[in-house]
């Protein structure tokens, strides 16, 4: 049993000052300009749920740097509840998760449960052609896992938006 891959697609750090951290990465990597910083997308692009509840992240900032072998992701949570804010409060700044694009989600979930005892994700987000889920594996792996699955989610996103607009 295994995740089905040994390739990390991105690593994610949670920080308190994203501008300072990205400026330091720019200098270290010799980038010409500071990487772009933007707000984590809302439900019209990527609906997200934590413990089954829909969430909005109007104040969560994100930036990425595409390295030769993986993507570096940096997130600065805002005051609203979010997985990133919870992680920052519990563990401080630093590595939050490793992300893997898995070929067989069911096998990956069984492997996570076997290795860490975590059978269920606590957070999930849907993009049009991929979704991701966070597993709190910090106790055993000293980081969380982000499991990504390629799947067409356009109909699901449309239904979620209809449901949110009816409330």
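Please treat every number below as a calculation from the coordinates, not as lab data. Please read all numbers here as calculations on a predicted model, not as lab measurements. Note that each Cβ is placed from the backbone with ideal geometry, even for glycine, and that neighbours are counted across all protein chains shown.
Numbers at a glance
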{"quantity": "Estimated 222 nm signal from helices in the chain, with DSSP H stretches of n ≥ 4 weighted -39500 (n - 2.57), rounded to 500", "calculated": "-9000 deg cm²/dmol"}
{"quantity": "Cα radius of gyration and Dmax for the chain (Å)", "calculated": "16.1, 49"}
{"quantity": "Approximate spin-label separation residue 141-residue 53, in nm, with each point projected 7 Å along Cα-to-Cβ", "calculated": "2.5 nm"}
{"quantity": "For the range 70-167, share of DSSP beta bridges that run antiparallel, in % to the nearest 5", "calculated": "70 percent"}
{"quantity": "DSSP bridge pairs, the chain: antiparallel proportion in percent, nearest 5", "calculated": "75 percent"}
{"quantity": "Pair residue 110, residue 95: separation of 7 Å Cα→Cβ label points (nm)", "calculated": "2.8 nm"}
